[in-house]
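Enquirer: I am attaching a structure below and will ask some questions about it afterwards.
The values are calculated or read from the model by the stated rules, or taken from the named source; none is laboratory data. Because the structure is a prediction, the values reported are computed rather than measured. All Cβ positions, even for glycine, are placed from backbone atoms using ideal geometry, and neighbour counts span all protein chains on display. Just the protein is used for accessible areas: all its heavy atoms, side chains included, with ligands, DNA and RNA removed. Shrake-Rupley method; radii C 1.70, N 1.55, O 1.52, S 1.80 Å.
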Amino acid sequence: MTAADLLLIVMVIGLTAYALLGGADFGGGVWDLLARGPDARDQRKLISNAIGPVWEANHVWLVFIVVALFSGFPPAYGLVGSSLEIPLSAALVGIVLRGAAYVYRAYGAGAAGPDHWWGHVFAVSSTITPFALGVAGASLATGRMSPDDPMEPLRSSFGLGCGLFAVAATAFLAAVYLCRDAAASPATEHLVPEFRRRATGGAVVCGALAMMLLPLFWDQAPVVAHRFLDRSMPLVGLSVIGGAATLVALARRQFVVARLAAGLAVGAMLWGWAVAQYPDLIVGQVTADSAAAPTTNIHAMLYAVAGGLAIVLPPIIVLYRLFTRPEPTT
């Protein structure tokens, strides 16, 4: 294994952390947008309390991925930045608007509250970002991206489908996580059945979208599709097992087990894509070997990552332990 390969593995680990943690935050925004009925306000308050002070910390993983790509694979970074400016700009705008809206609606004596229009900005931008990131990820698999045609990613039916799948996957994660948060307090326990139904619905939608994407996958990303069949089927099996175990655990009210199983379902699918994508960073254009920085640079990056994790992980763990328990709704 080369140093470049090791850095890629570390980057996929960071991407997995962002998908499972930050992705669930985005999914919470999806359910905030879709909150309806007499319990809508309670649902929005639960979502807001569950995200709490950890919502910004989750972007650490995205920043790490961007820095690692820039430092370890500069040609790939340049091509991604010059070819995917529309979906990546949309994702960035969504992240910024989401953060600003969350602050305006949640903090201070003059907080707007989850039902204010700032709440709707938070919800819509939370949906835009995973969709845009899904489109960008699909472009890496198809290789249909060029600095001369920034609209190319948006003309791919596979890319648009992957965007919808990303939204559905984050919504599925969020609903599973929120079941545990709702069950943690008698004041919010009445919301458990609703989020359990949403988690089940999210799993069904993810499965349906995956089936719909299969022919598009083989048509528009045949290189990765063939590798996926050869290399990634065990990971697909793990993902299916994780999804089924999630539904069983939810039915039994084993919410911690459900969270772990949901993470396995989404994480295994993500790793299946990463394994099938290798050694291409952008199919047909850039490989890991051709884009890798000098080995000494990558070694320095790996040492910096190890030192950074030693400093960052302990306070993040403490932060989650202290603040991820939602406050009771009133």
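Enquirer: Hey, residue 298 hits all of (1) loosely packed, with under 14 Cβ neighbours inside 10 Å; (2) closer than 19 Å to residue 66 by Cα; (3) among the aliphatic types (A, V, I, L, M) but one; which does it fall short on?
Expert: Checking residue 298 against (1) loosely packed, with under 14 Cβ neighbours inside 10 Å; (2) closer than 19 Å to residue 66 by Cα; (3) among the aliphatic types (A, V, I, L, M), the one that fails is (1).
Enquirer: Now, a different point. Taking the options 238, 209, 214, 229, name whichever one is open to solvent by 20 Å² or more (accessible area, probe 1.4 Å), under 18 Å from residue 16 (Cβ atoms) and part of a helix (DSSP H, G or I).
Expert: Exactly one residue qualifies, and that residue is 238.
Enquirer: Is it the case that the stretch 77-97 has a residue that's under 30 Å from residue 299 (Cβ atoms), modelled with pLDDT of 85 or more, open to solvent by less than 20 Å² (accessible area, probe 1.4 Å) and part of a helix (DSSP H, G or I)?
Expert: yes
Enquirer: For the stretch 241-260, how many residues meet the condition of being of a type in the set (Gly, Ala, Ser) and open to solvent by 10 Å² or more (accessible area, probe 1.4 Å)?
Expert: Count: 4.
Enquirer: Looking at the stretch 279-295, I want the residues that are free of Cβ contacts under 8 Å to residues at least 40 places away in the same chain and under 14 Å from residue 1 (Cα atoms) and have a partner that is open to solvent by less than 50 Å² (accessible area, probe 1.4 Å) and outside any loop (DSSP other than H, G, I, E, B) with Cβ atoms under 8 Å, at least 6 apart or on another chain. Which pairs are those?
Expert: Note: pairs meeting the criteria are 279/287; 279/288.
So that you can scan it fast, the table gives a plain yes or no per residue for (1) under 13 Å from the mean Cα position of the chain (by Cα); (2) buried (at least 24 other Cβ atoms within 10 Å of the Cβ):
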{"residue": "138", "(1), (2)": "no, yes"}
{"residue": "144", "(1), (2)": "no, no"}
{"residue": "148", "(1), (2)": "no, no"}
{"residue": "154", "(1), (2)": "no, no"}
{"residue": "158", "(1), (2)": "no, no"}
{"residue": "161", "(1), (2)": "no, no"}
{"residue": "165", "(1), (2)": "yes, no"}
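Enquirer: Determine the pairs where a residue that is farther than 17 Å from residue 140 by Cβ, located within the stretch 211-239, has a partner that is surrounded by fewer than 20 Cβ atoms within 10 Å (Cβ to Cβ) and among the β-branched types (Val, Ile, Thr) with Cβ atoms under 8 Å apart, the partner being 6 or more residues away or on another chain.
Expert: Cβ pairs passing all conditions: 235/275.
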